[in-house]
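> Encoded as structure tokens, here's the structure I'll be asking about.
The values are calculated or read from the model by the stated rules, or taken from the named source; none is laboratory data. Since the model is a prediction, treat every value here as computed from it, not as a measurement. Positions of Cβ are generated from backbone atoms using ideal geometry, with glycine treated the same way; all protein chains shown enter the neighbour counts. Only protein heavy atoms, including side chains, enter the accessible area calculation; ligands, DNA and RNA are left aside. Shrake-Rupley method; radii C 1.70, N 1.55, O 1.52, S 1.80 Å.
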Amino acid sequence: MLSGSKLPEVTFHTRVRDDSIEGPNPFRWEDKTTSDYFAGKRVVLFALPGAFTPTCSTYQLPGFEKGFDDFAEQGIDEIYCLSVNDAFVMNQWAKAQGLENVKVIPDGSGEFTRRVGMLVRKDNLGFGLRSWRYAAVVNDGVIEAWFEEPGLEDNHGADPYGVSSPETVMNWLVDAKAEAAA
């Protein structure tokens, strides 16, 4: 996607904790739209091929989680991690990662990912349709900056990582803030 483009409006089927529900699974379905997540906020959105996968769990997600305060100092209100996984998987991954700052967005059907042009086949890994790895700075639903890993294609033989890293996004934010102040 290009800077200045508006994010597509889709509905995400999420599961949220509801303590009024008894039993071992106190969650209920809650539909949220693109506007619910992005309207009136400046956020970092990053997307990855799958919850619980090595690069995602070891580098990308923890880097954004640990750097949350630094991102907030650069004017970021929220950090969202999106994957073509269902709400159950995304919530369990968030729990396993001990997330306190980054919020997960389940794009179970891949509709958002398809509409931003990042849906790819990963049949070579047994994943099916998944998101290509990218990040974006989004202000009130409009893309300010887009960080897409090189080589976007179906069944890519590698999993490029670097362009969408927390460090790359942070460097862009610092530079953009310095340019705006000059």
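> Those residues that are out of contact with any Asp or Glu (no Cβ under 8 Å at 6 or more places or on another chain) and of a type in the set (D, E, K, R), I need them from region 124-148; list them, please.
Across region 124-148, the qualifying residues are Arg130, Asp140, Glu144, Glu148.
> Here's a follow-up. How many residues does region 154-168 hold that are open to solvent by 60 Å² or more (accessible area, probe 1.4 Å) and closer than 17 Å to Ala135 by Cα?
3
> Hydrophobic (A, V, I, L, M, F, W, C), open to solvent by 20 Å² or more (accessible area, probe 1.4 Å), farther than 27 Å from Lys66 by Cβ and modelled with pLDDT of 95 or more - does that describe any residue in region 86-104?
The answer is no, given that none of the residues of region 86-104 is hydrophobic (A, V, I, L, M, F, W, C), open to solvent by 20 Å² or more (accessible area, probe 1.4 Å), farther than 27 Å from Lys66 by Cβ and modelled with pLDDT of 95 or more.
> Kindly provide the set of residues from region 6-53 that are within 21 Å of Val137 (Cα to Cα), touching a helix residue (DSSP H, G or I) at 6+ places or on another chain (Cβ under 7 Å) and open to solvent by 20 Å² or more (accessible area, probe 1.4 Å), ordered by number.
The one that is within 21 Å of Val137 (Cα to Cα), touching a helix residue (DSSP H, G or I) at 6+ places or on another chain (Cβ under 7 Å) and open to solvent by 20 Å² or more (accessible area, probe 1.4 Å): Glu9.
> Let me ask something additional. What's the total number of residues in region 118-151 that are under 30 Å from Ala72 (Cβ atoms), open to solvent by 40 Å² or more (accessible area, probe 1.4 Å) and more than 13 Å from the chain's Cα centre (by Cα)?
Result for region 118-151: 5.
> Can we say Asp31 is closer than 17 Å to Glu111 by Cα, without any contact (Cβ under 8 Å) to a residue 60 or more places away in the chain and not aromatic (Phe, Trp, Tyr)?
Criteria met by Asp31.
> Hey, another quick one. Among the candidates Lys41, Lys66, which residue alone is more than 21 Å from Gly162 (Cβ to Cβ), basic (Lys, Arg) and at pLDDT 95 or above?
Lys41
> Name the single residue that is surrounded by the fewest Cβ atoms within 10 Å (Cβ to Cβ) among those in region 54-76 being of a type in the set (A, V, I, L, M, F, W, C) and under 15 Å from the mean Cα position of the chain (by Cα). Can you show your working first?
Kept after step one, since they are of a type in the set (A, V, I, L, M, F, W, C), are these residues of region 54-76: 56, 61, 64, 68, 71-72, 76.
From what is left, the residues that are under 15 Å from the mean Cα position of the chain (by Cα) are 56, 61, 64, 68, 71, 76.
On the way: Cys56: 23, Leu61: 25, Phe64: 24, Phe68: 18, Phe71: 23, Ile76: 22.
Top of the filtered list is Phe68.
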